[in-house]
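Q: For reference, the structure I am asking about is given below.
Quick note: the coordinates plus some simple rules give every number you see, no bench work behind them. Computed from a predicted structure; not experimentally measured. Neighbour counts are summed over all protein chains in view; Cβ atoms, including those assigned to glycine, are modelled from backbone coordinates with ideal geometry.
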């Protein structure tokens, strides 16, 4: 298999756009929410992100080449890789922002530095969980039905990716729908442009031109930060300061669930790649993921990396190993030169959103295509918690848009549940499902498969695992913050009991029920 093929250009645009979005969110939230200086963002955080993204992309490209050589095939697609979106928000709002507020309240001289150091510790802890988990989770993968692994990803792809970008496409239809037409012809219609022009390249160029034509670009005023070279610098001293601080143990309530979330999500993406025809070893794939996250923390980034959702989509595009290298080189260049803001100014997200929308559709479809037909109900079951989590996110975003949770409106509390209940919307159930939804989606789909196959002891064991996770506070346990809900890591006894009783029902099925 060649290092580069023409379709790697298409794959590069899709993956680079996804990574670019994460970087823009990092710069925006670190600057406006945490008050980090440009010096901290461009000298430490972005170079640290560059190190982690480059290492991972090079490894997964090399891994794809090795798999191609071992199997004698030339159609192997590298695992996509980048910054973990969920951990990004969690570490900003649940680790760094509280650390900054505590530091300010205690009169610390540099509260922003303390917040950044707390983020480094959270990222480092996540990396340790990812790396350690690489050696034990293969047994979990073998014991879990494919429908359970793929449907969880499908729920995320259908909601947070496909629906999110579909809304955006219809908000700016001249750009969104016209570029999506190109993507439909090239990837669903399996057509190509004359002269072998990459379809993704055509869609992005057309999107940029249309964006400038309808006024979506340029995005804001021309940036004034200088373009210069920022070498990655080790920050082991700052990491050590966070580790020995008196508040370090308090971050475990966020680090542990986020680390497990990343580990299980990456495992599901490896299964998705295997379902698409590329069977990668679990241990080395997850270990590289963990090492990338550790490298990020050691060089200044507070944000874990992960094996991305979307491998079947990029494989269907024809991308192989080269798109991963191109992505790593591009992200490294913009992170180390400070040019990120200029690219965001000239190229709006709308220009390439059609590619990401297509990726979401392909991932959702794969859950049905690559599982036995009889397991389709289990796939639907696995979709529901992801849809519920997205619904909870939309509900809370709508409430915040109405200034609920901001002065002079009341903060988020149990009164919100009563307001929704008046409209017969039991939003408390959505908030409970939102916490640990990757676990609940996988478990509900797995026990449904077990019931379909009439393996009632397996169904009971899956119910028992749900009960245990609920009792540990890793599922369904949430607490109120002024303008959100968050995992509380306290026992969710009501759900733990419910899952335990479900298990007893499954165990008794052999004696209480007969075949219809």
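Q: From the Cα gyration tensor of region 212-366, with a ≥ b ≥ c the square roots of its eigenvalues, which class applies: rounded if a/c is under 1.5, or else prolate if a/b is larger than b/c, or else oblate? If you can, show how the numbers build up before the last one.
A: Working: a/c = 1.89, a/b = 1.05, b/c = 1.80.
It comes out oblate by the Cα gyration axes.
Q: Using the eigenvalues of the Cα gyration tensor, what equivalent ellipsoid semi-axes result for region 218-266 when each is taken as the square root of five times the eigenvalue, whole Å, largest first?
A: Details: eigenvalues 211, 84, 33 Å².
One finds semi-axes of 32, 20, 13 Å for region 218-266.
Q: Next question, about the same structure. Using only alpha-carbon positions, what ratio does the radius of gyration of region 298-440 give when scaled by 2.2 N^0.38 Å? List each step's numbers first, then the result.
A: Values: Rg = 20.4 Å, N = 143, 2.2 N^0.38 = 14.5 Å.
In units of the globular-protein estimate, region 298-440 measures up at 1.40.
Q: Hey, another quick one. Students often check this: by mean Cβ neighbours within 10 Å, which of 234-243, 176-185 ranks highest, and how do the rest follow? Walk me through the numbers on the way to the answer.
A: Values: 234-243: 15.5, 176-185: 19.0.
Top to bottom by mean Cβ count within 10 Å: 176-185, 234-243.
Q: Roughly how many Å is it from the Cα centre of region 1-44 to that of region 80-140, as a whole number?
A: 18
Q: Normalised by the number of residues in region 373-512, what is the relative contact order in percent for Cα pairs under 8 Å and 6+ residues apart?
A: Values: 200 pairs, mean separation 36.1, N = 140.
Normalised by residue count, the contact order of region 373-512 is 26 percent.
Q: I'd like to compare 220-233, 390-403, 10-23, 126-139: which one has the highest average count of other Cβ atoms within 10 Å, and what's the full order after that? Could you put the intermediate results ahead of the total?
A: Working: 220-233: 11.4, 390-403: 15.1, 10-23: 24.4, 126-139: 19.4.
Result, highest mean first: 10-23, 126-139, 390-403, 220-233.
Q: For region 162-287, go through all pairs of different Cα atoms, get the mean of 1/r, take its inverse, and jot down that Kirkwood value in Å. Spell out each step's value before the answer.
A: Values: mean 1/r = 0.0497 Å⁻¹.
Mean inverse Cα-Cα distance, inverted, gives 20.1 Å.
Q: I would also like to ask the following. Ordered by packing density, taken as the mean number of other Cβ atoms within 10 Å over each peptide's residues, highest first, how do 154-163, 75-84, 504-513 rank? List each step's numbers first, then the result.
A: Details: 154-163: 23.6, 75-84: 26.4, 504-513: 12.9.
With the highest mean Cβ count within 10 Å placed first, the list reads 75-84, 154-163, 504-513.
Q: Compute the distance from the alpha-carbon center of region 376-396 to that of region 442-506, in whole Å.
A: For region 376-396 versus region 442-506, the Cα centre distance is 15 Å.
Q: How high is the relative contact order of the chain, given as a whole-number percent (alpha carbon pairs under 8 Å, six or more residues apart)?
A: Details: 912 pairs, mean separation 133.5, N = 516.
Value for the chain: 26 percent.
Q: Provide the three semi-axes, in whole Å and in decreasing order, of the ellipsoid equivalent to region 1-160 as defined by the square roots of 5 times the Cα gyration tensor eigenvalues. Don't skip to the answer; put the middle values down first.
A: Numbers: eigenvalues 242, 80, 46 Å².
Here the semi-axes work out to 35, 20, 15 Å.
Q: What list do you get for 44, 476, 455 if you sort them by fewest beta carbons within 10 Å?
A: On the way: 44 22, 476 28, 455 15.
The order, fewest Cβ neighbours first, is 455, 44, 476.
Q: Could I get the Rg over Rh figure for region 453-516? Both from C-alpha atoms, Rh via Kirkwood, rounded to two places. List each step's numbers first, then the result.
A: Details: Rg = 15.2 Å, Rh = 12.9 Å.
Computed over Cα atoms, the ratio is 1.18.
Q: Also: Write down the Kirkwood hydrodynamic radius of the chain, to one decimal in angstroms, obtained as one divided by the mean of 1/r over all alpha carbon pairs.
A: On the way: mean 1/r = 0.0421 Å⁻¹.
For the chain, inverting the mean 1/r across all distinct Cα pairs yields 23.7 Å.
Q: For region 373-512, evaluate the Debye formula with one uniform point scatterer on each Cα (no solvent term) and list log10 I(q)/I(0) at q = 0.10 Å⁻¹, rounded to two decimals.
A: -0.39
Q: Sticking with this structure for a sec: Report the equivalent ellipsoid semi-axes for region 58-136 in whole Å, largest first, defined as the square roots of five times the eigenvalues of the gyration tensor built from alpha carbon atoms.
A: Equivalent ellipsoid of region 58-136: 40, 12, 9 Å, largest first.
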